[in-house]
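Just so it is clear, none of the values below were taken in a lab; they were calculated from the coordinates. Just so it is clear, the structure is predicted and the values come from calculations on it, not from any experiment. All Cβ positions, glycine included, derive from the backbone under ideal geometry; neighbour counts span all protein chains shown.
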Amino acid sequence: MSISIFQRNIEYAKELDAQDELKAYRQQFHLPRQADGQPYIYFCGNSLGLQPKATETQVLQELTDWKNLGVEGHFHAKNPWLPYHEFLTEAMANVVGAQPNEVVVMNTLTVNLHLMLVSFYRPKGNRNKIVIEADAFPSDKYAVQSQIRFHGLDPELCLIELKAREGEVCLRDEDIQQVIEQEGANISLIVLGNTNYYTGQFFDMKQISEWGHAQGCLVGFDCAHGAGNVPLELHDSGCDFAVWCNYKYLNSGPGGMGGAFVHERHIGQKNIPRFEGWWGHNKETRFKMRDAFDPLPTVEAWQLSNPPILAMVAVWSSLKLFDEAGIYPLRKKAISLTGYLEFLVKSLGEDIVDIITPSNPDQRGSQLSIRVKKADKELFNKISEEGVIADWREPDVIRVAPVPMYNSFEDVYLFYEILKNALAN
Ligand SMILES: Cc1ncc(COP(=O)(O)O)c(C=O)c1O
């Protein structure tokens with residue numbers, strides 16, 4: 001659907017909804033409601049995804065099994081807890097485009113990032129630097145800085161921050177390439193947010209991995225804003241590792257569990273440094289409790305603890321919907337929804353709004369970051385009062401994410417009307 005054929009009226013938006021092959025999924029989520037019972041226009045799925053209706057029943061199933069079976073639930077629960085994480089693996093691998101042996105749901109994002117840094121940040125001589133984005137998510141920055149210090153090195157000297165050009169917000173591919181090529185021999189690891197949390201810019205992971213590998217660097221991605229949003233094709237990208245959370249586009253609930261990907265070329269490597277725990281040990285002998293660590297022959301070797309079933313069930317419940325809907329049909333709808341939003345917002349005029357997210361659909365997911373010129377939080381408060389749930393970033397950016405799983409074209413149109421009216425007032 002090209003931008004030029006979009007129309008600016010509610011009937012047209014409703015028509016697009018009528019034609020939407022994924023429209024039924026909206027009914028499978030709890031939409032937060034206003035006092036009058038009307039659903040909010042929820043554009044914050046890039047921050048916290050909505051609750052699938054099925055999640056409650058599935059959590060209750062685990063509570064019931066725990067109530068009735070106690071410890072026996074590890075073997076005799078409807079979904080036995082011992083191998084529980086395995087039930088999620090294939091669907092998770094489909095969402096992120098990886099082989100099942102490369103993907104595991106475990107821990108939370110920052111914890112997984114630390115575990116990956118232990119394995120993939122191996123400073124040696126002058127090759128001791130980490131490349132990140134200057135506006136990387138703060139937790140990522142804290143993690144890499146603390147890992148640099150953990151190796152007795154100085155973050156002031158070992159961190160290379162990729163900055164957008166003067167007057168620009170998004171990074172240019174050629175500038176990323178230039179830094180990698182210039183600093184290549186000094187770089188141990190490149191870690192980028194594959195979809196930047198602020199600008200919504202989506203990076204070409206395959207290209208960046210190739211540039212990094214050509215210089216002998218390892219390459220990893222924080223896919224917090226990419227997982228469940230864009231098809232990541234992690235295996236084919238060739239990146240060494242990736243980590244993500246599942247509570248944004250993947251709807252696993254506040255503080256829900258994270259995921260990790262390790263490319264198969266690293267799996268089974270004997271000399272890889274790794275922090276280890278009993279859930280990474282050979283399943284056949286795990287309960288003998290005595291053997292020396294015998295790592296599982298998959299990314300599961302990075303698991304530490306037996307997983308929290310009550311958190312994992314929420315990831316599973318959402319993954320079932322992704323498995324059904326398919327990441328590629330979702331992406332197709334996302335391109336139309338986001339394109340429609342862009343078309344409407346741009347019609348407000350360049351003197352009023354500036355969309356800082358790239359306009360090329362290949363360089364963005366479902367999020368648009370809209371800089372509203374000469375506006376402050378007052379404007380955001382107004383649209384919130386009118387029923388929009390979005391996200392405000394000081395000093396002047398509204399981040400909105402029309403999520404294909406549960407947002408509609410009508411949501412997009414109503415948001416535009418509300419924003420237009422708030423600007424007019
Ligand atoms: C891009 C990005 N990285 C890292 C994090 C931190 O995630 P967690 O609190 O699950 O470790 C977030 C959280 O929103 C994020 O958006």
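Taking neighbour counts of Cβ atoms within 10 Å as a proxy for exposure, in what order, fewest first, do 130, 355 appear?
Working: 130 28, 355 18.
Taking fewest neighbouring Cβ atoms as first place, the list is 355, 130.
Which residues' amide hydrogens lie under 5 Å from the amide hydrogen of residue 162, considering only partners 5 or more residues apart or on another chain, with H built in the peptide plane?
Those lying under 5 Å, H to H, from residue 162 are 132, 133, 134.
Could you list the GluC sites (Glu not before Pro) in region 247-334 that lie in coil according to DSSP, counting only those with at most 11 other Cβ atoms within 10 Å of their Cβ?
Answer by residue number: 284.
How much net charge surrounds residue 165 when only the other residues with a Cβ under 11 Å from the Cβ of residue 165 are counted, with Lys and Arg +1 and Asp and Glu -1? Display every interim value, and only then the final one.
Values: positive: 163, 172; negative: 166, 168, 174, 175.
Its environment carries a net charge of -2.
Give the long-range amide H neighbours of residue 30: residues separated by 5 or more places, or on another chain, with amide H under 5 Å away, using H modelled in the peptide plane at 1.01 Å from N.
Residues meeting the amide H criterion: 51, 53.
Taking every DSSP beta bridge that has both residues in region 46-200, what percent is antiparallel when rounded to the nearest 5? Before the final figure, lay out each step's value.
Values: 1 of 8 bridges.
Here the antiparallel bridges make up roughly 10 percent for region 46-200.
Could you check the spin-label model distance between residue 264 and residue 348? Points 7 Å from the Cα along Cα→Cβ, value in nm.
4.7 nm
Expressed in nm to one decimal, what extension gain is obtained for the pair residue 359 and residue 126 from 0.36 nm per residue of sequence separation less their Cα-Cα distance? Before the final figure, lay out the partial values.
Values: separation 233, 0.36 × 233 = 83.88 nm, distance 3.88 nm.
Fully extending the segment from residue 359 to residue 126 adds 80.0 nm.
Can you flag which of 320/377; 206/288; 53/270; 23/346; 332/374; 78/288 are past 32 Å Cα-Cα?
Numbers: 320/377 38 Å; 206/288 42 Å; 53/270 44 Å; 23/346 25 Å; 332/374 34 Å; 78/288 25 Å.
Pairs exceeding 32 Å: 320/377; 206/288; 53/270; 332/374.
Measuring from label point to label point, each 7 Å out along Cα→Cβ, what is the residue 35 to residue 283 span in nm?
That separation, rounded to one decimal, is 5.3 nm.
Report relative contact order for region 1-83 in percent, whole number only (criteria: Cα-Cα under 8 Å, sequence separation at least 6).
Details: 40 pairs, mean separation 13.0, N = 83.
So the answer I get is 16 percent.
Over the chain, what is the percentage of antiparallel beta bridges among all DSSP beta bridges, to the nearest 5?
Numbers: 25 of 43 bridges.
Of those bridges, close to 60 percent are antiparallel.
Want the number for residue 27 to residue 233: 0.36 nm per residue separation, take away the alpha-carbon distance, what's left?
On the way: separation 206, 0.36 × 206 = 74.16 nm, distance 2.85 nm.
Length difference between fully extended and current span is 71.3 nm.
Of 57, 108, 298, how do they rank once you tally other Cβ atoms within 10 Å and put the fewest first?
Working: 57 11, 108 18, 298 21.
Exposure proxy ranking, most exposed first: 57, 108, 298.
Can you check what the net charge comes to around residue 119, using other residues whose Cβ is under 12 Å from the Cβ of residue 119 (Lys, Arg +1; Asp, Glu -1)?
On the way: positive: 122, 274; negative: 240, 276.
Charge balance near residue 119 sits at 0.
Could you work out the relative contact order of the chain? I mean the mean sequence separation of Cα pairs under 8 Å and 6+ apart, divided by the number of residues, in percent. Don't skip to the answer; put the middle values down first.
Numbers: 778 pairs, mean separation 97.3, N = 425.
Relative contact order of the chain: 23 percent.
With charges set only on the Cβ (+1 for Lys and Arg, -1 for Asp and Glu), what does the dipole of region 282-425 come to about its Cα centre, in debye to the nearest 20?
On the way: 18 positive and 21 negative charges, 74 e Å.
Dipole of region 282-425, to the nearest 20 debye: 360 debye.
Loop only per DSSP, at most 15 neighbouring Cβ atoms within 10 Å: give me the GluC sites (Glu not before Pro) in region 126-190, ordered by residue number. Don't skip to the end; give the middle numbers.
Working: sites: 133, 156, 161, 166, 168, 174, 181, 183; in loops: 166, 168.
Passing both the DSSP loop test and the Cβ count: 166, 168.
Have a look at 314, 352, 341 and report the one farthest towards the positive end of the charge dipole of region 307-364, computed about the Cα centre with Cβ charges (Lys/Arg +1, Asp/Glu -1).
Sorting the options by dipole projection puts first 314.
Would you work out which of 25, 70, 100 lies farthest towards the positive end of the dipole of region 11-102, given +1 charges on the beta-carbon of Lys and Arg and -1 on that of Asp and Glu, about the Cα centre?
It is 70.
Taking neighbour counts of Cβ atoms within 10 Å as a proxy for exposure, in what order, fewest first, do 110, 89 appear? Write down the numbers at each step before the final one.
Working: 110 18, 89 23.
The most exposed by this proxy come first: 110, 89.
If the viscosity is 0.890 mPa s and the temperature 25 °C, what Stokes-Einstein diffusion coefficient in µm²/s follows for the chain when Rh is the Kirkwood radius over Cα pairs? Spell out each step's value before the answer.
Values: Rh = 22.7 Å.
In µm²/s, the coefficient is 108.
Could you tell me the center-to-center distance, by alpha carbons, between region 373-409 and region 300-325 in angstrom?
Cα centroid to Cα centroid, the span is 30 Å.
At q = 0.23 Å⁻¹, work out log10 I(q)/I(0) for region 91-209 with the Debye formula, treating every Cα as an identical point scatterer and leaving solvent out; two decimals please.
-1.46
Provide the net charge surrounding residue 179, with neighbours chosen by a C-beta distance below 12 Å and charges set as Lys +1, Arg +1, Asp -1, Glu -1.
Details: positive: 129, 163, 172; negative: 133, 161, 173, 174, 175, 181, 183.
Counting the neighbours of residue 179, the net charge comes to -4.
What shape does region 349-425 take by its C-alpha gyration tensor, where a ≥ b ≥ c are the square roots of the eigenvalues and a/c under 1.5 counts as rounded, a/b above b/c as prolate, and the rest as oblate? Kindly include the intermediate steps, with their values, before the conclusion.
Values: a/c = 1.71, a/b = 1.19, b/c = 1.43.
It comes out oblate by the Cα gyration axes.
What are the aspartates and glutamates whose alpha-carbon lies under 12 Å from the alpha-carbon of residue 333, with same-chain residues fewer than 8 places away excluded?
17, 20, 21
Rounded to the nearest 500, what is the chain's calculated 222 nm mean residue ellipticity when only DSSP H runs of at least 4 contribute -39500 (n - 2.57) each, over all residues?
Calculated from helices alone, the mean residue ellipticity at 222 nm is -11500 deg cm²/dmol.
Treating the beta-carbon of each Lys and Arg as +1 and of each Asp and Glu as -1, no other charges, what is the dipole magnitude of the chain about its Cα centre, to the nearest 20 debye?
Numbers: 40 positive and 55 negative charges, 150 e Å.
It comes to approximately 720 debye.
Let me have the relative contact order for region 163-222, percent, based on Cα pairs under 8 Å that are six or more residues apart. Let's see the in-between values first.
On the way: 62 pairs, mean separation 22.3, N = 60.
It comes to 37 percent, rounded to a whole number.
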